[in-house]
Amino acid sequence: KALIIQEKTLLLSGLDGIYTYDIIRNKLKKSFDFKFTLKSFISHVSTPLRRLLREDVSIAISIDEENILYVKNKMIVSLNLFKSKINFKINIPRGSRPLNFLKMDLTSNFDEGIYFGEYFNNPKKDEVNIFKVENGKLKPVYIFKKNTINHIHNLIFDKKRNCVWILAGDFGNGA
């Protein structure tokens, strides 16, 4: 599965790890080994089992030249690709994963960092958080009050308007 597409490389995930593919040299290099479990093997037998068990890396984003954040097994993981070393892991408080990350840089009027909105089953419309990943922890930066939305699908930075669009779901006044 393709995770991150860069100018000269692709970052890929598979059953057993994360790979870096050098487009120019046509070379595939294993960057990190996942711990192999029976559950991860079973999840790759069929698509329905894969969706049910959610053992795959669901999303990833580059932090800088060496480091990425990815989501796997209800955890946000910071990985140094050059050293094949995990910097930190953060448990996702609710749900199995965020649907997307947003990287804010110094060109905006917002604090630099990686942000995401909570995505979980929320039929009672409990509070929903937008988090910033900061120093190996989740920092709530905004909280939607109870009875406002179900969950967050995406955060999108609009350069022209210098704002962040929050895409919420799923039904009626919860979207």
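The values are calculated or read from the model by the stated rules, or taken from the named source; none is laboratory data. Computed from a prediction, not measured in an experiment: that's the story for all the values here. Cβ: placed from backbone, ideal geometry, glycine included. Neighbour counts: every protein chain shown. For accessibility, only protein heavy atoms count, side chains too; no ligands or nucleic acids. Shrake-Rupley method; radii C 1.70, N 1.55, O 1.52, S 1.80 Å.
What number goes with the only condition from (1) touching an Asp or Glu at 6+ places or on another chain (Cβ under 7 Å); (2) polar (S, T, N, Q); (3) within 22 Å of F32 (Cα to Cα) that N129 does not pass?
Looking at each condition in turn, N129 falls short on (3).
Might you check whether a residue that is assigned to a strand (DSSP E or B), in contact with a strand residue (DSSP E or B) (Cβ under 8 Å, 6 or more places away or on another chain) and within 17 Å of L99 (Cα to Cα) occurs anywhere in segment 38-61? Reasoning before the result, please.
Let us first name the residues in segment 38-61 that are assigned to a strand (DSSP E or B), namely 60-61.
From the residues that got through so far, the ones that are in contact with a strand residue (DSSP E or B) (Cβ under 8 Å, 6 or more places away or on another chain) too are 60-61.
Filter once more, so that each one left must be within 17 Å of L99 (Cα to Cα): 60-61.
Scanning segment 38-61 turns up at least one residue that is assigned to a strand (DSSP E or B), in contact with a strand residue (DSSP E or B) (Cβ under 8 Å, 6 or more places away or on another chain) and within 17 Å of L99 (Cα to Cα).
Among strands (runs of 3 or more DSSP E) lying entirely in segment 80-153, which contain 2 or more residues that are farther than 22 Å from A168 by Cβ and open to solvent by 60 Å² or more (accessible area, probe 1.4 Å)?
Working: elements: 85-91, 102-104, 113-117, 128-134, 137-144.
The qualifying strands (runs of 3 or more DSSP E) are 85-91.
Mind listing whichever residues of segment 20-68 are within 16 Å of S78 (Cβ to Cβ) and either within 16 Å of the chain's Cα centre (by Cα) or among the aliphatic types (A, V, I, L, M) (or both)? Break it down into steps so the answer makes sense when it comes.
Filtering segment 20-68 for residues within 16 Å of S78 (Cβ to Cβ) gives 31-32, 34, 57-68.
The answer is V57, S58, I59, A60, I61, S62, I63, D64, N67, I68.
Considering only residues of segment 149-172 that are among the charged types (D, E, K, R) and free of Cβ contacts under 8 Å to residues at least 24 places away in the same chain, which is nearest to F120 (Cα to Cα)? Lay out the reasoning, then the answer.
Filtering segment 149-172 for residues among the charged types (D, E, K, R) gives 158-161, 170.
When the remaining residues are screened for being free of Cβ contacts under 8 Å to residues at least 24 places away in the same chain, the result is 158, 160-161, 170.
Values: D158: 25, K160: 31, R161: 29, D170: 11 Å.
Looking at the filtered set, the residue picked out is D170.
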